[in-house]
Amino acid sequence: MKAKIHKFEHNGQYILLDVNSGAVHVIDKMIYEMMDTFDGTNDENVVAALKDRYPEADLREALEELHELMTMNQLFAPDIDVPPTFRQTGIIKSICLMVAQDCNLRCKYCFGDGGSYGQERAVMTPEVGCKAIDFLIEKSGPRKHCEVDFFGGEPLMNMKTVKAVTAYARAKEKETGKKFKLTMTTNGILLNDANIKWLNDNDFSLVLSLDGRKEVNDAMRPDVGGHGSYDRIVKNFKKCIASRKGGDWDYRGVYTYLRGTYTHNNLDFTKDVLSMHDAGFDILSLEPVVLKDSPYAITEEDLPRVREEYDRLVDAYMQCRKEGRGFWFFHFNMDLSNGPCVAKRLSGCGAGHEYVAVAENGDLYPCHQFVGRDKYKLGSIFTGITDTKWPQYFRESHVLNKPKCRDCWSRFFCSGGCHANADLFHGNIREPYEIGCEIQKKRLECAIYVQAMQQLEKEENNG
Amino acid sequence: MKHIKTVNKPSLQSTVKTGGCGECQASCQSACKTSCTVGNQVCEK
């Protein structure tokens, strides 16, 4: 049966989410218990179940409030089907360029086999990169905003192509009226002054990889020679972030943030988030590793510990805010009133139908994680998409078509999780990776709690 | 209301009819890259 509501408790706050409207209600304990029975039609059952514990008048008063929410479509709102605004065929508006399938680090959990993706180590030529821009312009049709992510491996190892493609894309903006948002994900080893200046001058958004505490980072992110990377990259990240403050940086529409990975070895990852914050970084993200058959993998047995740790992280996050030294943690950000539309929530990441990855040789894959998984090769930038079944299959692999997703309360928040992870664990993009789901659901509860508490605080301050 | 405080103005139902412009940012669902789940995004409109 499709979940219509979800409820949870944290720190004595009881929260009720209405799945199909997205309404979030902070409720008292009595209503929290009533919702175990109440289905919108059975008031007398609710009273009978709880009248020994609560005064009947209170129960009836609360039932009236629940019915009022139902009238406003904020409780048990009708199920959402695929809307007409969800186009049958996707429009590719975003590409990932694997500019260097090579890396100067050897992170132990790397899904790209140290940058090579199971292929020969190689870098993308400027010709392939520019041809990919042409491909994007053609495929994006009427979409104005397009995205180009320079990825690897380590993209700073191939600045020749990064620079050539950027110049080409900027020139094409003028010709076509497109607006390209450029992003780079880097490990920071080569983030020297010249590269920082060039990335700043060209309005790149940056995702900087760091795993938190020095000992955690260095154990997982050594260089080719086995030496830790922390001291070198933190020095570079500090310089880079300092160079992006003040002036017009608030208005350029680019972001710079640190992202890290936690593994089975650091389930006390709140310390890693706080370590990054203490080092002077305040836009942060930390994600669970996704690995199969590895000593670093998060296992089902780890889940209770992981959930506890997110509770700890929420409390630390709120405490820092209270002390006036708050930080931005990606997964606790959520706009409960102006989130994405239903069509976007069904499209999800868009892998294979709105987003594709271009391998260094020009081969096309549904996303960067699929690079090297031959079964999923879509074609190449020279031939276009020749395997048309996959884009359509990915397009239709949304939450309402996945048996395990369509009944789940988080279906409109997680969009069914990562296809590449589903494929890794089940060989089937329509069967989600369960541990990822469990962690995602916990993070969503944390985000909803944080947003609800911030809203209550705002209302209190406004009298 | 005495027992319930609604903390948002939910828009999900209304976007069934109004959404789909597609101008929003791509949202990687995995544990890598920009790693944004759609739930963490805002509408660009």
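The values are calculated or read from the model by the stated rules, or taken from the named source; none is laboratory data. Just so it is clear, the structure is predicted and the values come from calculations on it, not from any experiment. Positions of Cβ are generated from backbone atoms using ideal geometry, with glycine treated the same way; all protein chains shown enter the neighbour counts.
Within region B:6-14, is even one residue modelled with pLDDT of 70 or more and more than 7 Å from chain A (Cβ to nearest Cβ)? Checking region B:6-14: at least one residue is modelled with pLDDT of 70 or more and more than 7 Å from chain A (Cβ to nearest Cβ). One residue stands out in region A:81-123 among those that are at positive phi and away from every other protein chain (no Cβ under 14 Å): the one that is modelled with the highest pLDDT, namely A:GLY118.
Answer yes or no as to whether A:GLU44 is within 13 Å of chain B (Cβ to nearest Cβ) and either loosely packed, with under 14 Cβ neighbours inside 10 Å or closer than 26 Å to A:GLY12 by Cα (or both). Considered against the rule, which asks whether it is within 13 Å of chain B (Cβ to nearest Cβ) and either loosely packed, with under 14 Cβ neighbours inside 10 Å or closer than 26 Å to A:GLY12 by Cα (or both), A:GLU44 comes out as no.
Of the residues examined, A:PHE76 is not one that is in a loop (DSSP other than H, G, I, E, B) and at the interface with chain B (Cβ under 9 Å from one of its Cβ atoms). One residue alone among A:ALA62, A:ALA57 is assigned to a helix (DSSP H, G or I) and within 13 Å of A:MET34 (Cα to Cα), and that residue is A:ALA62. For region A:352-396, a residue qualifies if it is part of a helix (DSSP H, G or I) and of a type in the set (D, E, K, R), and the qualifying residues are A:ASP374, A:LYS375, A:LYS389, A:ARG395, A:GLU396.
Results for (1) part of a loop (DSSP other than H, G, I, E, B); (2) in contact (Cβ under 8 Å) with a residue 60 or more places away in the chain; (3) not charged (D, E, K, R), shown as yes or no for each residue.
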{"position": "A:CYS107", "(1), (2), (3)": "yes, yes, yes"}
{"position": "A:GLY114", "(1), (2), (3)": "yes, no, yes"}
{"position": "A:GLN119", "(1), (2), (3)": "yes, yes, yes"}
{"position": "A:ILE133", "(1), (2), (3)": "no, no, yes"}
{"position": "A:LEU136", "(1), (2), (3)": "no, no, yes"}
{"position": "A:PRO142", "(1), (2), (3)": "yes, no, yes"}
{"position": "A:CYS146", "(1), (2), (3)": "no, no, yes"}
{"position": "A:PHE151", "(1), (2), (3)": "no, yes, yes"}
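Taken over region A:1-14, residues that are surrounded by fewer than 17 Cβ atoms within 10 Å (Cβ to Cβ), of a type outside the set (A, V, I, L, M) and assigned to a loop (DSSP other than H, G, I, E, B) amount to 3.
Among the residues of region A:158-177, is any more than 19 Å from A:ASN202 (Cβ to Cβ) and crowded, with 19+ Cβ neighbours inside 10 Å? Steps first, please.
Quick first cut of region A:158-177, residues more than 19 Å from A:ASN202 (Cβ to Cβ) only: A:177.
In the following step, the residues that additionally are crowded, with 19+ Cβ neighbours inside 10 Å were identified as none.
Checking region A:158-177: not a single residue is more than 19 Å from A:ASN202 (Cβ to Cβ) and crowded, with 19+ Cβ neighbours inside 10 Å.
Return yes or no: is A:LEU17 modelled with pLDDT of 95 or more, touching a His at 6+ places or on another chain (Cβ under 6 Å) and surrounded by 15 or more Cβ atoms within 10 Å (Cβ to Cβ)?
On the way: modelled with pLDDT of 95 or more: yes; touching a His at 6+ places or on another chain (Cβ under 6 Å): yes; surrounded by 15 or more Cβ atoms within 10 Å (Cβ to Cβ): yes.
It is true that A:LEU17 is modelled with pLDDT of 95 or more, touching a His at 6+ places or on another chain (Cβ under 6 Å) and surrounded by 15 or more Cβ atoms within 10 Å (Cβ to Cβ).
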